[in-house]
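Everything on this sheet refers to the single structure shown next.
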Amino acid sequence: MAIVIIRQDDKIELWKKALLAQRPELEVYSYLEDHPKEKIKMALVWKHPKGALAHYPHLELIASSGAGVDFIFEDGAAPKNLPITRVVDDMLAKDMSEHVLAVILSHLKNLDQYKINQMKGVWQPIQYHRISDFRVGILGLGALGRELATDLVKYGFKVQGWASSKKDIAGVDCYVGDEGLSDFLKTTQIAVCLLPLTQETTGILNKELFLKLPKGAFVINVARGGHLVDEDLIEMLDRGHLSGAGLDVYHQEPLPIEHPFWKHEKIQMTPHYASVSDTGSVVPQILENYDRLLSGRNLLNEVVMEKGY
Ligand code: NDP
């Protein structure tokens, strides 16, 4: 019985070491080394090469090492009918919350514009905004959206959120489903996307949605590039309907250098690094699920296949 780690970045050894540090007797392999494929019960994956999961005849669990699982559903060659788990982790949620707060405050205090002005040697005070002036609307009130909502309330923002099902979060007005979306958008001055990427949410950040936001709204996408219709965002920024955007995720990563986002003065970009699974924090839940798998118990943080998240 063994675990294989499949990912295309340079973090395989990091994860292997972290697993072995907490469970030295574990049999754990990189998919790049020679390994006994018939012994593999669990694959710990992150943006694996498509088809790589098809080589394990006795695979019983696909575990995402991050919060998202969209890349697993996008792999048409991945074995069907196996359970998929994902990461739900306090540190991941807190890191995301801090990132979004930084982007919001940078917008309120014009820090991006000051950086541009500094490079040009321009001394130009710009009217700033206050936290108390703004209502933030969070699309997606799951593990990450809920933490962000709670933190923003503590900082003094007016906060509202939107999800598939009703939520009860202190200080947060919650809207539900298609019927609640328009009302939610009408009063959202800063929109933060923390939805999973599914068939229903692909392309949700489009012109129709942007036009329902008040003029001057700011949009933050820290979920997935597939949520955003890029040309609609650029049009809404250039027409002045939106005042700016903070983006961490893109259709193609790294973003090709010819993409118009790179040079757009109203777009603040980060390279998909808002919040990253910390091995020390996440490994215990991976091992717990491995134990549960081997002893036939219910898994933690299992994805609901029909919902796709
Ligand atoms: P969760 O699954 O915990 O939460 C998803 C939320 O979205 C839920 O509240 C859910 O509603 C809501 N939702 C899903 N589909 C719809 C829909 N069609 N209409 C309305 N609401 C919907 O996810 P997490 O909070 O853990 O993570 C969210 C996403 O953040 C991840 O999928 C990932 O893509 C992204 N992410 C990005 C990172 C980065 O560094 N940029 C890092 C980590 C994650 P309900 O609760 O009713 O089901």
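The values are calculated or read from the model by the stated rules, or taken from the named source; none is laboratory data. Since the model is a prediction, treat every value here as computed from it, not as a measurement. Positions of Cβ are backbone-derived with ideal geometry, glycine not excepted, and every protein chain shown enters the neighbour counts. Note: accessible area is taken over every heavy atom of the protein model, side chains too, but ligands, DNA and RNA are not part of it. Shrake-Rupley method; radii C 1.70, N 1.55, O 1.52, S 1.80 Å.
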Notebook entry, point to check: So which residues in the stretch 260-302 are of a type in the set (Phe, Trp, Tyr) and in contact with a His (Cβ under 9 Å, 6 or more places away or on another chain), if there are any at all?
Noted result: TYR273
Item checked: Residue list for the stretch 1-49, restricted to those being touching a Gly at 6+ places or on another chain (Cβ under 7 Å) and either open to solvent by 60 Å² or more (accessible area, probe 1.4 Å) or assigned to a strand (DSSP E or B) (or both) -> TRP46
Next item on the list: Would you mind telling me which numbered condition in (1) free of Cβ contacts under 8 Å to residues at least 24 places away in the same chain; (2) of a type in the set (A, V, I, L, M, F, W, C); (3) part of a helix (DSSP H, G or I) VAL283 fails?
Entry: (1)
Checklist line | Selected residue (criterion: nearest to the ligand (Cβ to nearest atom)) from residues of the stretch 148-167 that are of a type in the set (D, E, K, R), within 20 Å of SER106 (Cβ to Cβ) and surrounded by 16 or more Cβ atoms within 10 Å (Cβ to Cβ) | finding: ASP151
Margin query: I need a count of the residues in the stretch 257-286 that are more than 14 Å from ASP89 (Cα to Cα) and open to solvent by less than 30 Å² (accessible area, probe 1.4 Å).
Written below: 3
Next item on the list: Identify, from the list LEU195, LEU209, the residue that is farther than 19 Å from PHE157 by Cβ and within 10 Å of the ligand (Cβ to nearest atom).
Entry: LEU195
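Let's see how each residue does on (1) more than 19 Å from ILE190 (Cβ to Cβ); (2) surrounded by fewer than 17 Cβ atoms within 10 Å (Cβ to Cβ):
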| residue | (1), (2) |
| --- | --- |
| ALA54 | yes, yes |
| LEU59 | yes, no |
| LYS80 | yes, yes |
| MET96 | no, no |
| GLN113 | no, no |
| TYR128 | no, yes |
| ASP133 | no, yes |
